[in-house]
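To keep things clear, I will list the structure first and then write my remarks on it.
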Amino acid sequence: MIPALALENVTCTFASREDPSRRYTAVRDTTLVVRAGEFVSVVGPTGCGKSTLLNVAAGLLAPSAGGVKVHGEPLGGVNARAGYMFQSEALMPWRNTLANVTAGLEFRGVGRAEAQARAREWLKRVGLGGFEDRYPHQLSGGMRKRVALAQMLILDPQILLMDEPFSALDIQTRQLMENELLELWSANRRSVVFITHDLEEAIALSDRVVVLSAGPASRPIGEFAVDLPRPRDVADVRLTPRFIELHTRIWGVMKEEVLKGYAQQQRH
Amino acid sequence: MRSSNGTEGRARWRLRVYQAVLLALLLAAWYVLTSPTLLPPFYFSNPKQAAFLFGEPLEVAGRLWKWFASGEIYIHLWVTLVETLLAFAIGTILGVIFGLWLALSPTASAIFEPYITAANAMPRVILAPIFFIWFGLDIGSKVALGVTLVFFIVFFNVYQGVREVSPVVLANARMLGATRRQLLRHVYLPSAMSWVFASLHNSVGLAFVGAVVGEYLGSARGVGYLILQAEGVFDMNTVVAGVLLLTVFALILDGLVGLAERRLMVWQPRSGETERV
């Protein structure tokens, strides 16, 4: 079967802006394959190039070497089959909730009435019915994430790229959002690449967890299938023995890298 | 919430009273100090000297009244306003277009950069004689002068605004499928608008400066022309009346810009706004 997304031997090297002879390799020779309908989490210490990898998959960043294939076709330019949920605020502050959700349809030339009807539907689905007229600054952090989720999902992308989307939320809101994400995802099982530094979040959500080494020149150093039954509740599943077993195994691989990453940050 | 609004309203009301009192005091001081008969002359040897140098409030009010009652002011006011609004509109539109263009085209920006800096550093009021030759003594030369003043303010703000577009918002719009043109229309332009509005308050005043200075340097109509005429015969009351009239109209235009800003920029958080849910 053709994988939904395949990063093949991707290397990303950045030249320093002040001194072009100084180079920094964020990711080296990384291969990551995501099957159709698979939920894959990528975990690793901070600064290990997780976001770089995701930007490559999104087509926002061209890799220095290697390539990306989407459903078997090489990717050039922005990945039109993917939706991207950013870590920081990405809503257009000058558009209200409804207009933010309709934006993608509008860019694709869908009629105004139809776009708005579908957007209202999606806002209800993420629990924001009645907030159509609010501007992003009038919403709480959790609500803005829901708007971003609706903004992405309304286009029905076949690949969801998520860059620590819930990391700025408090723990309760975060678990609520994780459960909602799983529920929305299970409705039509798209492929997901979920970036996080939180191993518990990664195990609770995913089918597979990929561990990246500490940067520079990160690469995958371990892959673990998560065989916890679905549907899952992200809060309850953490208490099951299998979860704890998986966590212990993966953490065993990750711990050393986290310490390395920490030591590097101290040096900078 | 309600009670805090009440306190806020009362505080604002008190502020307005203080402001009115200050105005009344200033007018009273002006009246007392310039009246030839009220106080014995303690600084000038001639009792009429103070009135000659600073005008007299009652005379100024009388002059303003006569202007409007006779209707002779309207044509001058109209000319000055048309010059101001034209300079304001043309300068703003050109500033937005060039600001967007240079901000989005690194090559053009690199080529033009030293020339823009030079043009901005030049004292542009000295261009007035050239504009008189090019556009004649009619409103054309005044509009041109105003445009050169307004353009750079708006231009630099748009340029800055476009460069400070959030890269994440931009990347998000691209992922949502925006073409280059849609990015311009739906991301760059709205993002630059908050900067443009900040600059419009400055530029509306400068559009007035361009019009009035232009009239002052050579014209047959306009409030600047009236002021120049009065100055020629040392009629300080008319000069002050003209200055007051211009100030009031500049304030009105600034208020209109503020109104448009509040209408169009509802999405911006105001300072101290805590409307979260």
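For this structure, a couple of remarks:
- Test result for B:Ser219, crowded, with 18+ Cβ neighbours inside 10 Å and more than 14 Å from chain A (Cβ to nearest Cβ): yes
- Positions within the range A:155-212 being aromatic (Phe, Trp, Tyr) and within 20 Å of A:Lys69 (Cα to Cα), in sequence order: A:Phe194
- Residue satisfying condition, being surrounded by 15 or more Cβ atoms within 10 Å (Cβ to Cβ) and at pLDDT below 85, within set B:Ser35, B:Ser109, B:Ser45: B:Ser35
- Boolean, B:Leu85 is exposed (fewer than 13 other Cβ atoms within 10 Å of the Cβ), at pLDDT 85 or above and in a helix (DSSP H, G or I): no
- Residue that is nearest to A:Gly252 (Cα to Cα), among those in the range A:210-227 that are buried (at least 17 other Cβ atoms within 10 Å of the Cβ) and among the small types (Gly, Ala, Ser): A:Ser213
- For the range A:60-108, the candidate set comprises residues that are more than 9 Å from chain B (Cβ to nearest Cβ) and among the β-branched types (Val, Ile, Thr); within that set, the residue that is nearest to A:Ser140 (Cα to Cα) is A:Thr97.
- For the residues B:Ile153, B:Ile227, the requirement of being among the β-branched types (Val, Ile, Thr), away from chain A (no Cβ under 14 Å), surrounded by 17 or more Cβ atoms within 10 Å (Cβ to Cβ) and without any contact (Cβ under 8 Å) to a residue 40 or more places away in the chain singles out B:Ile227.
- Verdict on A:Ser186 being in contact (Cβ under 8 Å) with a residue 40 or more places away in the chain, assigned to a loop (DSSP other than H, G, I, E, B), out of contact with any Phe, Trp or Tyr (no Cβ under 6 Å at 6 or more places or on another chain) and not assigned by TED's automatic domain parsing to the domain that holds A:Ala99: no
- Picking from residues in the range B:156-178 that are more than 7 Å from chain A (Cβ to nearest Cβ) and surrounded by fewer than 20 Cβ atoms within 10 Å (Cβ to Cβ), the one that is farthest from A:Gly76 (Cα to Cα) is B:Phe156.
The values are calculated or read from the model by the stated rules, or taken from the named source; none is laboratory data. Just so we're clear, the structure is a prediction, and the values are computed from it rather than from any experiment. Every residue, glycine as well, gets a Cβ built from its backbone with ideal geometry; the counts of neighbours run over all protein chains shown.
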